[in-house]
1. Rounded, prolate or oblate, given the Cα gyration tensor of the range 1-123, with a/c below 1.5 counting as rounded?
2. Set the Förster distance to 35 Å, then compute FRET efficiency between Ser21 and Glu69 from the Cβ-Cβ distance, nearest 0.05.
3. Testing the spin-label approximation: label points 7 Å from Cα along Cα→Cβ at Asp14 and Leu30. State their distance in nm.
4. What FRET efficiency comes out for Ala178 versus Lys53 if R0 is 45 angstrom and r is the Cβ-Cβ distance? Round to the nearest 0.05.
5. To the nearest Å, what is the center-to-center distance of the range 34-80 and the range 134-188, using C-alpha atoms only?
6. Using a simple charge model, +1 on the beta-carbon of Lys and Arg, -1 on the beta-carbon of Asp and Glu, nothing else, what dipole does the range 99-248 show about its Cα centre, in debye to the nearest 20?
7. Give me log10 I(q)/I(0) at q = 0.13, 0.22, 0.31 Å⁻¹ for the range 131-186, Debye formula, one equal scatterer per alpha-carbon, no solvent.
8. Please compute the modelled spin-label separation between Ala119 and Val162, points set 7 Å along Cα→Cβ, answer in nm with one decimal.
Amino acid sequence: MHRFFINENAAAGDEILISGSDMNHMKNVLRLRAGDDFEAVAPSGEILTCRVKGSDPEGVRAEVLFAEEADAELSAQVVLCMGLPKSDKMDLIVQKAVELGASRIIPVITERTVVRLDAKKAAAKKSRWQTIADNAAKQSKRTFLPEVALPEDFRTVLQEAVRDEALILFPYELSKGAQGTREALAEVSAGRKIYVFIGPEGGFAESEARAAADAGAKCISLGRRILRAETAAVTALSMVMLKLEGMI
C-alpha cells in the first residue's frame, strides 16, 4: 500500500487532505481514485489507513478508516556523517542510510574530499538528496522523514557530536580490530544518540583520526578488506541497526 506523510494527527472517521506534490503523485502518477486505499503517517507516528473520497483544486480528500501504532524506527537516533564522495554516490548512500534507519545524514567536507560545492550547488544537492531520503522513507515504511543537512566541515560536525554527548563510531583502518569493535558496539543502546563517521574516497587523514580520538570517538573495524565509501556506510549502519534490534 502506498504511503504518504501528513502534518496533522487524525483518528478513525476524520477527513484528511493531501495537497502539494503528494497530491500530484497520487492523482497523476499512482492514479488513485475514489475508493482506493493508502497509508498516511501522522506526526504522532501512527499509521493511518485511509480511503480516497475524491479530489478538488485544494487536494485529495480521504477518510481515515483506522489508526495503528508502528515500531519501524530504531530505538536510538543514528546520524550518518558521510565524507562527501565523488560523482553521484551520495544518492545511493542517502537511500540506503534511510532504509537502515538513520535519523539524519550530514555530508561532511574532509581533508581528502575532492568534491567542492559552492552555496548554490550545495543547496541544489541538498534538495535532491532530501527528495531521495523522503522517497526511501516511504518505500521502507518509515514513520519519520530523516533530514539531509547541508555539507559541513568535519571538525564542525565532530564538535556537534561532542555537544550532543553522543557515542561516536569512527571506522578506521588503524583500529584495534574485532575486539575493539565489539567493545564499541556494546555501547550502542536504546535512547542514545549515535554519530557514525565515514570517510570519502581515500579515507580520513591522520589528523582527523587524532581529532576524533581526542573527542572520545570509538575507533572500529569494518573487516579485513578495503571497502568503498558507499559500502563502508552501509556496513557500519547495518552493524548499528542489528545491534539496536537485538540481532547481534
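1. Values: a/c = 3.16, a/b = 1.92, b/c = 1.65.
The shape class here is prolate.
2. Working: r = 27 Å, r/R0 = 0.78.
The formula returns an efficiency of 0.80 here.
3. 1.9
4. Values: r = 57 Å, r/R0 = 1.27.
It comes out at approximately 0.20.
5. When both Cα centres are located, 28 Å separates them.
6. Numbers: 23 positive and 19 negative charges, 85 e Å.
Dipole about the Cα centre, nearest 20: 400 debye.
7. -0.59, -0.96, -1.09
8. 2.8
Read-outs: derived from the displayed coordinates by stated rules, not from any lab. None of these values were measured; they are calculated from a predicted model. Positions of Cβ are generated from backbone atoms using ideal geometry, with glycine treated the same way; all protein chains shown enter the neighbour counts.
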